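Student: One structure follows; several queries about it will come next.
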Amino acid sequence: MDVKWIVAISFEAGFWLMLAAFLVLRYRYGMENITRLFVVGVVLDTFGILALGVWDFAETGQVNGFTIFVVALIAYSLTSGRQHLEHLDRWMSRRIQPRRPVARPTSRPCPDRP
């Protein structure tokens, strides 16, 4: 397997791990400000995959399986991928409840002390 395939699959796996972490942090722990970081990560991930596709096409000068793979990923992310992401986002907001803070015991004076 060529290095370009390993790097492309690593980018894609990184995206899915980043998405899972984002959804857990946003809905389970209520970190709304994580959205900006996630968007930056998605843009960098997409740019990395696109750069691999352009690099492969420039090196070989022809359309091959890797180029088609990259074009398919980019096309999916710009079309159906957005809708699927919005659907997943809505689903998570309905299913996952924010973590409630642990109730701290109130301190009471000891009856043996004045």
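Laboratory data are not the source of any read-out in this text; all were calculated from the coordinates shown. What you see is a predicted model; the values in this text were computed from it and never measured. Note that each Cβ is placed from the backbone with ideal geometry, even for glycine, and that neighbours are counted across all protein chains shown.
Student: With the cut-off at 12 Å, report for segment 1-51 the share of all Cα pairs above it, as a whole percent. It would help to have the intermediate numbers written out before the result.
Tutor: Numbers: 815 of 1275 pairs.
Taking all Cα-Cα pairs of segment 1-51, the fraction more than 12 Å apart is 64 percent.
Student: Tilt of helix 65-78 relative to the longest C-alpha principal axis of the chain, in degrees (0 to 90, nearest 10)?
Tutor: 50 degrees
Student: Here's a follow-up. Sum -39500 (n - 2.57) across every DSSP H segment of at least 4 residues in the chain, then divide by the residue count to get the 222 nm mean residue ellipticity, nearest 500. Display every interim value, and only then the final one.
Tutor: Numbers: 4 runs with 78 residues, N = 114.
Calculated from helices alone, the mean residue ellipticity at 222 nm is -23500 deg cm²/dmol.
Student: Something else now. Once you keep just the Cα pairs under 8 angstrom separated by 6 or more residues, what percentage relative contact order results for the chain? Numbers along the way, then the final one.
Tutor: Details: 51 pairs, mean separation 35.5, N = 114.
The value is 31 percent.
Student: Quick check: pseudo-label points 7 Å beyond the Cα along Cα→Cβ at residue 31 and residue 82, how many nm apart are they?
Tutor: With each label point 7 Å from Cα toward Cβ, the separation is 2.7 nm.
Student: Peptides 90-96, 58-64: what's the order by average Cβ count within 10 Å, highest mean first?
Tutor: Order by mean packing, descending: 90-96, 58-64.
Student: Compute from the Cα atoms of segment 25-105 the Rg and the Dmax, the latter being the longest Cα-Cα distance, and quote both in angstrom.
Tutor: My reading of the Cα-based Rg and Dmax gives 18.6, 69 Å.
Student: According to a simple spin-label model (label point 7 Å from Cα along Cα-to-Cβ), what is the distance in nm between residue 2 and residue 94?
Tutor: Calculated label separation equals 4.4 nm.
Student: Here's a follow-up. If each of residue 71 and residue 51 carries a label point 7 Å out from its Cα toward its Cβ, how far apart are those two points in nm?
Tutor: 2.3 nm
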